[in-house]
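Before any comments, here is the structure.
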Amino acid sequence: MKALMELAVCDRTQGSTTPEIAKKAQIPEPFLNQILHTLKNAGILRSRRGAHGGYVLNRDPEQIILGDVARLMDGPLAPIPCASVTAYEPCPSCPEPDSCNLRILMRSVRDAISNILDGTTLADLIKGRATI
């Protein structure tokens, strides 16, 4: 998210290089390279080669949903697999998942995370208008 925030506020005609983003967002460059590659492959960023190369947003910040980015980078939003919508895995030690109090709680946590991130764009984040 930090890298996207940096790219959202830089000049979209110029873009920003990996070292510039790494310094501003305080992200180690090797790790940032992996992040940028994933975002580029998902169509969120595009890269330009050459002396004035770098990364730029491929979409307007208003079109980049934080929930989509979080799922892309980290996988399911659920804190435990049995609470996941997209990657459900039952707990081997739980005989009654439908009445498991831990699963019920973690599904509420997942829903809260999802509602906030899916209701917030990159533009909202950089303008301080995140939905809570």
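The structure-derived value of volume of the Cα convex hull per residue in Å³ appears in the list (1) 94; (2) 119; (3) 109 under the label (2). Only lysine pairs 8 or more places apart or on separate chains count here, and in the chain those with Cα atoms under 17 Å apart total 4. Starting from the Cα of Ile80, step 7 Å along the direction of its Cβ; do the same at Thr38; then give the gap between the two resulting points in nm. Distance between the two pseudo-spin positions: 2.4 nm. Note that region 73-90 has calculated 3J(HN,Hα) couplings of 7, 10, x, x, 7, 5, x, 9, x, 6, 9, 7, 7, 8, 9, 4, 9, x Hz, one per residue in order, obtained from phi through the Karplus relation 6.51 cos²θ - 1.76 cosθ + 1.60 (θ = phi - 60°); glycine and proline are x. For region 55-88, the residues whose backbone nitrogen is under 15 Å from a point 7 Å from the Cα of Cys94, taken along Cα to Cβ, are 77-88. Shape class for region 12-52, computed from the alpha carbon gyration tensor (a ≥ b ≥ c): oblate, with a/c not under 1.5 and a/b at or below b/c. Projecting the Cα atoms of Thr121, Ala51, Gln14 onto the dipole axis of the chain, where Lys and Arg carry +1 and Asp and Glu carry -1 at the beta carbon, places Ala51 farthest toward the positive end.
Computed packing ranks the peptides 93-106, 25-38 as 25-38, 93-106, most packed first, by mean other Cβ atoms within 10 Å.
A cut-off of 5 Å between modelled amide H atoms, ignoring neighbours fewer than 5 places along the same chain, links Ile64 with Leu122, Ala123.
Working from label points 7 Å from Cα in the Cα-to-Cβ sense, the Arg59 to Leu72 distance is 0.7 nm.
Based on the convex hull around the alpha carbon atoms, region 61-126 presents an average projected area of 4.6 nm². In terms of the mean number of neighbouring beta-carbon atoms within 10 Å, the peptides 17-23, 1-7 order highest first as 1-7, 17-23.
Rule-based calculations on the coordinates, nothing more; no lab input. Computed from a predicted model, the values in this text were never measured in an experiment. For neighbour counting, all protein chains shown are included, and Cβ atoms are generated from backbone atoms with ideal geometry for every residue, glycine included.
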